[in-house]
Each structure stands twice: as structure tokens, then as C-alpha cells.
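Inspection log for the structure reproduced underneath, given as C-alpha cells.
The values are calculated or read from the model by the stated rules, or taken from the named source; none is laboratory data. Because the structure is a prediction, the values reported are computed rather than measured. Neighbour counts are summed over all protein chains in view; Cβ atoms, including those assigned to glycine, are modelled from backbone coordinates with ideal geometry.
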Amino acid sequence: MSEHKKYEINVSIRTAYLPDQSDEDGERHVFAYTITIANTGTVASQLISRHWVIDNGDGTVQEVRGLGVVGEQPLLRPGDSFEYTSGTVISTPVGSMKGSYQMAAEDGVHFDVPIPEFILSAPRTLH
């Protein structure tokens, strides 16, 4: 079995615009994102930290690093998944996020899981 399949984490993302928390005139656009992290490999792995690159859509990029997600460092056994919802505020109606999770496998191997880029778009801004 290849090393790649031992350490296989699938990341899926859903986004939502939160109009009641946003202030379009005040350049405050609030988005929620729900991420599901699934261990499709064969080795139990723990999410240790995260690294986000948030693009405001106007050329402003913010990087965020931190331990765990929503205050947790979930251990994912093969076949397990973990879902969480978080949010971000950007100054433009359209932006994007991407990044990576830093994982530690039960056998001591550390590896990064890319988080595919996803678009943050307020309604009526992308056609």
C-alpha cells in the first residue's frame, strides 16, 4: 500500500452568507463555512493546527494560524469524520479562502492536508 493512501484526509466545504450579521454599507460581509474532514486513509490521525489564507477580493490577504479547529483537535480514526462550522468577515462582497490542516498520524508521521480554495460570495454579486 502506498504511503499516500495511509494518510488520506478528504475535506469538503459549504458556505453561507450571513446578511443579518453583515453591513454592506460598512464593508462588513460575514460568511459562515461548514467543513467536513473525513479520514479515508488507513491510519488514525489527529488534526493539530490550521493555516488559512483569506483573500478579501480587493488584493488584501490575511493569514491565520492556530491550534485545532473551533477549540478542538479531533482524532479521526479510519472512516471517521468531523464537521464544524466557523466564520470569517471580509470587507468586500466576494472573496476566497484556502489553506491547510497540519495532522499527526498515530504512527508518528506528520503531514499537511490542503484545504481547497472556496469562494465567499454575497448574494447578487456573482452571476
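The table below gives the values:
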read-out	value
Failed item in (1) touching a residue at least 12 places away in the same chain (Cβ under 8 Å); (2) under 30 Å from R124 (Cβ atoms), with D20 passing the rest	(1)
Sole residue being touching a residue at least 24 places away in the same chain (Cβ under 8 Å), over 16 Å from I13 (Cα atoms) and not hydrophobic (A, V, I, L, M, F, W, C), chosen from E83, E106, E63	E106
Residue in region 41-52 that is out of contact with any Gly (no Cβ under 8 Å at 6 or more places or on another chain), more than 18 Å from T15 (Cα to Cα), free of Cβ contacts under 8 Å to residues at least 60 places away in the same chain and in a loop (DSSP other than H, G, I, E, B) present	yes
Counted residues, region 91-127 - those being touching a Phe, Trp or Tyr at 6+ places or on another chain (Cβ under 7 Å) and not in a strand (DSSP E or B)	3
Matching residues in region 29-48 - criterion: being closer than 21 Å to F118 by Cβ and either surrounded by 18 or more Cβ atoms within 10 Å (Cβ to Cβ) or at pLDDT below 95 (or both)	H29, V30, F31, I35, I37, N39, L47
